[in-house]
Amino acid sequence: MNSVALMDWWMLTDFLDETIHQYRTSLMTHNTEQHVPRSWGLLLGEFCDDGEAMRVREVSFGTNVRETDETVLAEFDEVIIPCFGKPYANGGRGFWCSNLDVLRITREAEAKGLEVLGSIHSHPDWHRIGPEHERELRISQVPTPMDEYLFRNTGWPLNIICYLESRDNEIFHTLGAWSPPSFTDNGNGSGVQPITIRFTLARRALKEKV
Amino acid sequence: MGMVKVRVPTAMRPLTDGTPEVTIEGATLRDVIDGLETGYPGFRERLLSEEGTLRRFVNIYVDEDDVRFGEGLDTPTPSGVTLWLVPAVAGGSLP
C-alpha cells in the first residue's frame, strides 16, 4: 500500500501555471459554463524501496479527447451523465487523455527509468465562480462520487486533485491525493484512501541559495 | 502458440504482485487474457466487461496496433510481440 507521495516543490510548476491561466481566463470571460478552468497532467515517477512511498519525478501532458473520442463519449452518455448528473454533459468538464498519448508517455517514461503513477487535475471553487444555479454547491476537498468512479476504473495508484479558491483578491490552492478504491468491491467496500504528499525541504533551501 | 510479453501498468500491478512484465502464451488476444487470468487472477475482470467486450477504461495495443480498431479479442499475438495494457487517464471537475 503506497500511502505517501514524495516530490520536489517545483515539480508542479508547469501544471500550476496552466491552472492559473485557465482559472483567470474563466474569470475574465465571466462565463465558467463556456470556459471551464480545466488543467490536468500525468504523474511520472517510481516506487520507493520502502514499499510505502512513491516518488513523483515529472508531470507530462497529453491531448484531451473528452469531447472527440467515440468510446469516451459513449461512457459519458451511457454511464457518467445518468449516474453523476447533467453537469457532466458539459464537455468542458472533466478530461480524458488520448490513449495514444498515454502509451507514448508510458514508453517515454520507461526510457527514463520512470513509470506512469497516476494523474493530477484541478477542481475550481465552483460555488464562487460557477453558474448561478450551481453556487449552492460547496467546494468539497474530498473526491466526488465521479472521482471515485474514475479512480476505481482506471486503477492508478496516485490520484492528486488541486483545489482552487479565490480569496482576498488572489488564487489559493491546496492538494489532496488518494489511492483508488478496490476494483472488486463495486463501491460498497473500501473507498479511496488518502495519500500524504511530502515536498522536499533541503533541496528548496539549496535552490534558493543558487 | 506465441510467447507474448505483457507490459503491466502500475494501475494493474497489484494483480502481478508488483511485476511490471509477464510472459504469456497465446495465439490471440483472447488466449493471452485467458492465460493472464490463469496466472494472475483478476485480469479478466479488469480488462473485459460482463458482456466479454473490452472495457472502455482499458486499451490494449499489440505492439503499435490498438486492438479496438482491429480484430479486437481475435487479434493475433504472434511470438515476440509486446502487449501494452493502457488504462485510461481521466478525471472530473465538480465541487
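List the longest stretch of chain B that has no exposed loop site; here a site is one of the GluC sites (Glu not before Pro) assigned by DSSP to anything other than H, G, I, E or B, with at most 10 other Cβ within 10 Å. Walk me through the numbers before you get to the answer.
Values: sites that count: B:50, B:51, B:64.
The longest such stretch corresponds to B:1-49.
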Q.
So if each residue of separation counts as 0.36 nm, and I subtract the Cα-Cα distance between residue B:71 and residue B:21, what length gain in nm does that give?
A. 15.6 nm
Q | For residues of B:34-45, the mean tally of beta carbons on other chains within 10 Å | A | 0
Q) Under the Karplus relation 6.51 cos²θ - 1.76 cosθ + 1.60, θ = phi - 60°, what is the ordered set of whole-Hz ³J(HN,Hα) values for segment B:68-76, x standing for Gly and Pro? A) 5, 9, x, 9, x, 5, 8, 4, x
Q | Partner chain coverage, peptide B:77-90 - average Cβ within 10 angstrom | A | 6
Q.
Check which residues have an amide H placed less than 5 Å from residue B:58's amide H, if you skip close sequence neighbours.
A. B:88
(Q) If I build a Gaussian network model for chain B, linking alpha-carbon pairs within less than 10 angstrom, which residue out of B:57, B:43, B:69 has the largest mean-square fluctuation? (A) B:69
Q: State, as an integer percentage, the relative contact order of segment A:1-97 based on alpha-carbon contacts under 8 Å between residues 6 or more apart.
A: 28 percent
(Q) Output wanted: per-residue J couplings in Hz (rounded whole) for segment B:17-32, from phi through Karplus 6.51 cos²θ - 1.76 cosθ + 1.60, θ = phi - 60°, x for Gly and Pro. (A) 6, x, 6, x, 8, 10, 10, 10, 8, x, 7, 9, 4, 4, 4, 5
Q: Please list, in chain and number order, the residues 5+ apart from residue A:197 or on another chain whose amide H is under 5 Å from its amide H, with Hs placed from the backbone.
A: A:5
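Other chains near B:46-59: what is the mean number of their Cβ atoms within 10 Å of each residue's Cβ? It would help to have the intermediate numbers written out before the result.
On the way: counts 4, 0, 0, 0, 0, 0, 0, 0, 1, 3, 10, 10, 4, 6.
Per residue, the number of nearby Cβ atoms from other chains is 3 on average.
Read the figures in this text as sums done on the coordinates, not as results from a lab. Quick caveat, the model's predicted, so the values are computed rather than measured. Don't worry about glycine lacking a Cβ; one is built from the backbone with ideal geometry, like all the others, and counts go over all protein chains shown.
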